[in-house]
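Some notes on the structure that comes next.
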Amino acid sequence: MRIVIIGSSAASKSAVETLQRSGVDDIDLIIITKDKTPYYSRVILPNYLAGYLTEEELIFYRIQSSKGKTPEIIHGVVTGVVPTDKKVLLADGRQIGYDRLLICSGASPSVMLPERSPGETIRGVCHFRNIEDIYQISDLLQDTKDCVVAGGGLIGLKGAVALNHLGKHVTVVHRSSQLLSTFMDRQGSDMVYRILNNQGIDFILSDTIEGYETKEERLSGIALKSGNKLDAQLAVWAAGVSPNTDFLKNSGIEIDNGICIDDYMETNIEGIFAAGDVTRAKNLLTDEPDTITLWTDATLQGKVAAWNVLGVKKRYIGGLTMNSVVFDGVPFISMGIIRDADIINDQVFTFFEQERSVYRKIVLRDDRIIGAVFAGDIRYAGMVNWDLKSKRKIKNGKRYVSLSGLEDVFREHHAELMSQHDLTDANKED
Amino acid sequence: MGREKYVFINKTLCTGCGDCTLACSFEKEGLFQPVKSRIHIVEGDLAGFTPQICRNCEDAPCLDACPAGAILRREGSGSIYLDEAKCVECNMCIMVCPFNAISRGDGTNLKCDTCDGETPCVKSCKLGAIVLVDPDRDSKQKRRKMLKMLWQE
Ligand SMILES: Cc1cc2nc3c(=O)[nH]c(=O)nc-3n(C[C@H](O)[C@H](O)[C@H](O)COP(=O)(O)OP(=O)(O)OC[C@H]3O[C@@H](n4cnc5c(N)ncnc54)[C@H](O)[C@@H]3O)c2cc1C
Ligand code: SF4
Ligand code: SF4
């Protein structure tokens, strides 16, 4: 069976690994990618920008041969898919046939960069998604003193920290009144604000970029909606992505802000599957279609998709927002529903200790964990994550916000439960 | 050395003495410091002591979550190890490990890697609570049963 995968990132890696471990022998695997270096990790690009990692160290996966077969990597840009002929079309005219197709084409920044003249962007304004963006930023840094990061989400803040580490003056401009408005609640984001502010990063909240000023064709300043102006020789956009589906326009594959897939990762066209940032799939907590663009979700989807590509029915349990980050040595983790505005008639338990910067929060709905925040001390976050995913009934939510309580939970029933049911096999077989 | 094996700790035999945590931290870091150990013991009262160590999950969530490619599966035994040189300390693995088997270190996160089969923790346990088990990786069913046996209540 000839399986073609579009993309060489998180979802693709997880699918390749699963296909190779599946025990199915007669697989001819072809991976088509426009990345020059397949399987470099976008999540750790900020570490690369800051100089902590070499380009070589960005590579998180190397294709291996399995059962005497080595997957083929084709470097090229996919411009179309023709389901009636079971063919993928490339920009250079090549056509690649498939028996099963798995689309892992990810997402791209949704903001369009400003243009100086048609087709030419202003020198000094960049995206923050691909390695080419980092090359560009690094290039510009030599004659940059002040940077503006547009977007105070997790990716924007990671970028701000990297630029600050490189000795630049950084101002983060964020649309909402709270930093990390999807990743953290007010308390957690205040902690992050204080840490980063102490490091010398400036913040402008509840404001957006309105215009750009240039000097000799290079960015020199930013005009904000509020009327304020900032000096900036570099502006980095880190605000939201949209799925890479342009090349599917005439394919007949159903798209609605992402490729629509069922619980088995299959599109409306038989034999064509999708996984990762490019999909619109079920949310674990709401059961509604959602576009979750996270590494953890991409790898889970890639795995589930791979089994279904092989005809082994595995159901996707649903996507869950969760993330982890460290700022100045303080670890932060959040998962599920935690934002103050989303918590309505739910039970909330919190613990906060200013001195050691320890914060925990648990949100219960109908006796089940639907959200959690850990800061400062992240022990047992994985256990809570598992309780959330398995929708287990919780008797006493208060225990989940103290270390001794978490130890109690672990000791009393968790380890035993885990050993009896192989819960790590998250995707129920049908 | 023979075939690669996993480290398993029999909870019912564990008295929480902590010898294995000292042996582990000395092997890995040259220090007798339980916080540096890849095994941790949760102290207990009536419920007993609960050792925390990696279970080498068949469908390892930590491996899927790691964005740096620092968590890998060994050929052969299928055991899961953490490549400390690649770890960027992002804690994604801690966020998803149900067994609290990964801890934060200094420069890298820490997790049991079965010491290539030469395991000081096994020798250190006077009660024989720590054993090396031969995973029959082709039969998941068997493995589940084995897990059940080792964790019997
Ligand atoms: C700076 C940064 C920090 C991040 N931090 C985190 C984090 O902390 N936690 C987290 O969970 N997530 C984070 N993310 C998000 C994470 O990187 C993505 O969720 C993940 O990369 C999605 O993987 P994917 O496989 O779906 O697609 P992508 O990584 O978007 O890759 C898409 C692949 O498809 C290929 N492709 C696309 N179109 C075509 C085409 N037409 N022809 C050929 N090939 C094509 C691309 O070349 C690429 O290989 C971060 C992202 C960035 C940029
Ligand atoms: S570290 Fe945790 S999640 Fe990873 S294999 Fe071990 S027990 Fe499983
Ligand atoms: S902390 Fe290290 S091992 Fe864990 S997910 Fe991050 S890079 Fe991987």
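The values are calculated or read from the model by the stated rules, or taken from the named source; none is laboratory data. This is a predicted model, so every value here is computed, not measured. Cβ coordinates were reconstructed from backbone atoms using ideal geometry, including for glycine residues, and neighbour counts include every protein chain displayed.
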Among the candidates A:LEU113, A:LEU196, A:LEU140, A:LEU157, residue that is outside any helix (DSSP H, G or I) and of a type outside the set (Ser, Thr, Tyr): A:LEU113
Residue selected from region A:361-380 under the condition away from chain B (no Cβ under 14 Å) and part of a strand (DSSP E or B), by the criterion nearest to A:GLY319 (Cα to Cα): A:ILE370
Residue list for region A:361-394, filter: among the small types (Gly, Ala, Ser), over 16 Å from B:PHE99 (Cα atoms) and touching a residue at least 40 places away in the same chain (Cβ under 8 Å): A:ALA375, A:GLY376
Residue match in region A:399-415 (condition: outside any helix (DSSP H, G or I), β-branched (Val, Ile, Thr) and modelled with pLDDT of 90 or more): no
Only one of B:CYS90, B:CYS20, B:CYS66 that is surrounded by 23 or more Cβ atoms within 10 Å (Cβ to Cβ), facing chain A (nearest Cβ under 7 Å) and either more than 9 Å from ligand 2 (Cβ to nearest atom) or more than 28 Å from A:ALA375 (Cα to Cα) (or both): B:CYS90
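Keeping to region A:4-32, report how many residues are away from ligand 1 (no atom under 14 Å from the Cβ) and within 20 Å of A:VAL77 (Cβ to Cβ).
Residues flagged as away from ligand 1 (no atom under 14 Å from the Cβ) and within 20 Å of A:VAL77 (Cβ to Cβ) within region A:4-32 amount to 1.
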A:MET383 within 8 Å of chain B (Cβ to nearest Cβ) and modelled with pLDDT of 85 or more: yes
